[in-house]
């Protein structure tokens, strides 16, 4: 185990992303404390400033752990298999438990190093007063280590099932998003109701670190709708999180053996021999037979875009139909909640949830498609073939960007029935829905432009996907983090200025989501999004022009 731990930890520390993460976390934590440090010999004896600083400090560290830990855990096993070294490890005297423990502890060791870089800022928070060093600071670091363990366990389980490193990273970030945010959703629907469903939703919420951090920072508990909870969320979180890590570790160890190389593919079944219900469902999801011979590309269609659709997993029609069907079901489920919970939540809240669903799909799917437009070609040798064709740079760029754009428009179109039902419930929301949809479309444009521009600087799909995901998650989460601390310690003008940087906030403000009604973001946020999109597309075009030139 020690051998694997040393090798994995050294590999992580030698990565440029690790150095950037360490320095960034240390500088940002220190900047938060220095910015609110009392000056002129005047101190806040009430402790309000120190509590506000500690809240920003805690949420910033949580975001850092959620962004950094999965990026290093997800490729840990699949990278060994792609390089051919996993078989050597399994044939060595090392036990699978030692291999798993070495990789798991390497990720935890790196996270512990990141957290140690924040200790001077934590000492500054304690020096400001009003913060308990054991019940708040010590517990916070324990929670963050458990969150890192959850991320590592999820990443290693996904890694042992994935076929590529970039696919493992995408799936891991999606699973972490579900763990942190989606687990809070059922509590909104069942809170205050008796029965097994309410109890299950309450324990499902214990898996998320959000309620615990909110309790430690003195904020309202997550998942509550007007009800006050007196029980502490810390012990249940440690219990549920520990059991989750144990279960994921067992599931990974059961697959960490030589049988991982002998996975047989499903032979499939003859469709005509299935039941009527199965055949009807297949007719719904497979409107066009994906196995039929592909037609000739017409002259008016961009061949690069067709190539992207036919060689990309999410570009194939049957995968797009499945994804769109899932989005339609989720959006209609939210509107169903609106019909039963309009008095308690308001239709605006349901509209805000639909906006969050759409932008979450954009942030999770678009980077995985757009970041590798150039990096995947350069990594697998396809870029030289493109350079030898008669296609011009603008035509190549239009084809690649168009393949991502049409995919995202299809996914977003699947959520439109939810908005339609909202307008039926409350016709006066038609203008709000229109403004929100314009903001979401701008979010798509910004995400695609930034992903393509940043990804074009890399020759590895994995590095491009990780970097783009970190950039976009930071760009979307930081403004919302500032908004979460509105009025304490950030003022209204500062919050409104920061929210202009993201079209997500403009969509939430346009649809009158509670908490965003006091901010006037449209159309200023649209102009910012337009400028960012133009700059991103310009950078992407210049990079393509540079890469298409003879070497």
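All of the numbers you see were taken from the coordinates with simple rules; none came from a lab. Here the structure is a predicted model, which is why all the values come from computation and not from measurement. A quick note on method: Cβ atoms are made from the backbone with ideal geometry, for glycine too, and the neighbour counts reach across all protein chains shown.
So, R0 is 30 Å and r is the distance between the beta-carbons of residue 478 and residue 116; what FRET efficiency does that work out to, to 0.05?
Computed FRET efficiency for residue 478 and residue 116 comes out at 0.85.
Taking R0 as 35 Å, what's the FRET efficiency between residue 542 and residue 7 from their Cβ-Cβ distance, rounded to 0.05?
Step by step, r from the Cβ atoms, then E = 0.35.
Using the Kirkwood radius over C-alpha pairs as Rh, can you work out the diffusion coefficient of the stretch 302-548 via Stokes-Einstein at 10 °C, viscosity 1.306 mPa s, in µm² per second?
Rounded, D is 84 µm²/s.
If the chain between residue 254 and residue 15 were fully stretched, how many nm would it gain, using 0.36 nm times the residue separation less the Cα-Cα distance?
The span from residue 254 to residue 15 would gain 83.1 nm if fully extended.
What order, most packed first, do the peptides 426-432, 96-102 have when packing is the mean number of other Cβ atoms within 10 Å of each residue?
96-102, 426-432
Alpha carbon centre of the stretch 62-125 versus the stretch 474-551: separation in Å?
First find each Cα centre; the distance between them is then 32 Å.
So between residue 391 and residue 299, what do we pick up on full extension, going 0.36 nm a residue minus the alpha carbon distance?
31.8 nm
Got a sec? How would 22, 369 order by Cβ neighbour count within 10 Å, fewest to most?
Least crowded to most crowded, the residues run 22, 369.
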